[in-house]
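The values are calculated or read from the model by the stated rules, or taken from the named source; none is laboratory data. It should be emphasised that the depicted structure is a prediction, and the values quoted were computed from it without experimental measurement. For neighbour counting, all protein chains shown are included, and Cβ atoms are generated from backbone atoms with ideal geometry for every residue, glycine included.
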Amino acid sequence: MTIFQNIPITSPWTIAISIILFVSESVTTFDMRILQAKRRGDYPEGDHDLPGWVAWLYWLNWILKATLLILNWRYGLGVIVVLFILKVLPVLEVIGNVLMAPFKPKGPTMN
């Protein structure tokens, strides 16, 4: 008995996990870029941070990647490689910025 299955790529579970992973990875990449900008000092002082629940998405990414690897290891490795390429390019960052736009409050901060 092996832990790795050969669930087809067209399975609803595989497709749903891939979509959720793509969205989650986009948001966490955008959050990572904000943290990097803060460390460099490039992030504007008055801008707001992302909500606290974004930190839970980091753990969700690992769980979803492991699940994809268990369901179909070839497809899972392919998705991880594609996500890495999109993370190096600013594609995931831009998508994360668009997705998190409603959660960033507008207007001046109350410090």
Tell me whether the stretch 77-88 contains one or more residues that are under 30 Å from Ile3 (Cα atoms) and not in a helix (DSSP H, G or I). no
Just a yes or no: is a residue in the stretch 4-19 in a helix (DSSP H, G or I), loosely packed, with under 14 Cβ neighbours inside 10 Å and either on the phi > 0 side of the Ramachandran plot or in contact (Cβ under 8 Å) with a residue 40 or more places away in the chain (or both)? yes
Determine whether the stretch 43-55 contains at least one residue that is surrounded by 18 or more Cβ atoms within 10 Å (Cβ to Cβ) and within 11 Å of the chain's Cα centre (by Cα). yes
State whether the residues of the stretch 90-108 include one that is part of a helix (DSSP H, G or I), of a type in the set (Lys, Arg) and farther than 30 Å from Thr14 by Cα. no
Just to be sure I understand the filter: pairs with C-beta atoms under 6 Å, separated by 6 or more residues or on different chains, first member in the stretch 57-70 and in a helix (DSSP H, G or I), second member crowded, with 18+ Cβ neighbours inside 10 Å and of a type in the set (Asp, Glu). Which pairs pass? Asn61/Glu25
Check off (1) surrounded by 15 or more Cβ atoms within 10 Å (Cβ to Cβ); (2) out of contact with any helix residue (DSSP H, G or I) (no Cβ under 6 Å at 6 or more places or on another chain); (3) modelled with pLDDT under 90 for Thr109 and give me the number that stays unchecked. (1)
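Okay, residues lined up against (1) in contact with a strand residue (DSSP E or B) (Cβ under 9 Å, 6 or more places away or on another chain); (2) exposed (fewer than 15 other Cβ atoms within 10 Å of the Cβ):
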{"site": "Asp31", "(1), (2)": "no, no"}
{"site": "Gln36", "(1), (2)": "no, yes"}
{"site": "Leu57", "(1), (2)": "no, no"}
{"site": "Trp73", "(1), (2)": "yes, no"}
